[in-house]
Amino acid sequence: MARVDFYHLYHWPLERALPRLLTRAYASGARALVLAASMDRVRALNTLLWTFDPNSWLPHGCRDDGYAEHQPIWLSDQEERPNDATLAVLTEGMTVADPAAWDRVLDLFDGRDETAVAAARTRWTAARDGGHTLHYWQQTERGGWEEKASANAD
């Protein structure tokens, strides 16, 4: 079974939190898929990752860029692994077909949107019922993360 981490974005929007999480994933050597709801959104996130910090470089790409096999971070509106990703980063309520097919799944949701919170609770329940190990992280005012709950597959 997989480890599924739920990230409750409360103080910072996705556009500010995602680059920090991806920077940590890249530093760990993980290859990631970032799943977004549309190609327009993928393109917006692609641009964001080039511009979020002028003093950093976070290698990534999407179908528009090509060279998928060379991209440690791949952005898509489809569940795919052209870069051999083992980490799935889900935005905007996206899901993967089988979390167990991934080493780790990060589910980022907007905690200021009641609909998004309710949908995340439904995904938590489904992941728990699927036997996955769960961790719930709530964003702190400074943009860090505090673990608030967990559920083991045992």
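Overview of values
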| quantity | calculated |
| --- | --- |
| Residue check for LEU45: touching a residue at least 12 places away in the same chain (Cβ under 8 Å), crowded, with 19+ Cβ neighbours inside 10 Å, under 13 Å from the mean Cα position of the chain (by Cα) and closer than 17 Å to PRO99 by Cα | no |
| Cross-chain or 6+ apart pairs with Cβ under 9 Å, the stretch 121-136 first and closer than 13 Å to ALA2 by Cβ, then aromatic (Phe, Trp, Tyr) and assigned to a helix (DSSP H, G or I) | LEU134/TRP124 |
| Complete set of residues in the stretch 123-154 that are of a type in the set (Lys, Arg) and surrounded by 11 or more Cβ atoms within 10 Å (Cβ to Cβ) | ARG123, ARG128, LYS148 |
| Verdict on ASP107 being of a type in the set (Asp, Glu), crowded, with 19+ Cβ neighbours inside 10 Å and either free of Cβ contacts under 8 Å to residues at least 60 places away in the same chain or under 27 Å from THR140 (Cβ atoms) (or both) | yes |
| Condition met for GLU80 (assigned to a loop (DSSP other than H, G, I, E, B), within 11 Å of the chain's Cα centre (by Cα), surrounded by fewer than 18 Cβ atoms within 10 Å (Cβ to Cβ) and of a type in the set (D, E, K, R)) | no |
| Residue list for the stretch 55-70, restricted to those being free of Cβ contacts under 8 Å to residues at least 24 places away in the same chain, crowded, with 17+ Cβ neighbours inside 10 Å and assigned to a loop (DSSP other than H, G, I, E, B) | CYS62 |
| Failed criterion for THR47 (all others in (1) outside any loop (DSSP other than H, G, I, E, B); (2) over 28 Å from THR140 (Cβ atoms) hold) | (2) |
| Search result, residues across the stretch 4-42 that are surrounded by fewer than 17 Cβ atoms within 10 Å (Cβ to Cβ) and either in contact with a strand residue (DSSP E or B) (Cβ under 8 Å, 6 or more places away or on another chain) or hydrophobic (A, V, I, L, M, F, W, C) (or both) | TYR10, HIS11, TRP12, PRO13, ALA27, ALA37, MET39 |
| Selection count where residues are touching a helix residue (DSSP H, G or I) at 6+ places or on another chain (Cβ under 8 Å) and in a helix (DSSP H, G or I), scope the stretch 1-42 | 4 |
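We did not get these values from a lab; they are worked out from the coordinates using the rules stated. What you see is a predicted model, and the numbers here were worked out from it, not measured in a lab. Because the Cβ atoms are built from the backbone with ideal geometry, glycine has one as well, and the counts that use them run over all protein chains shown.
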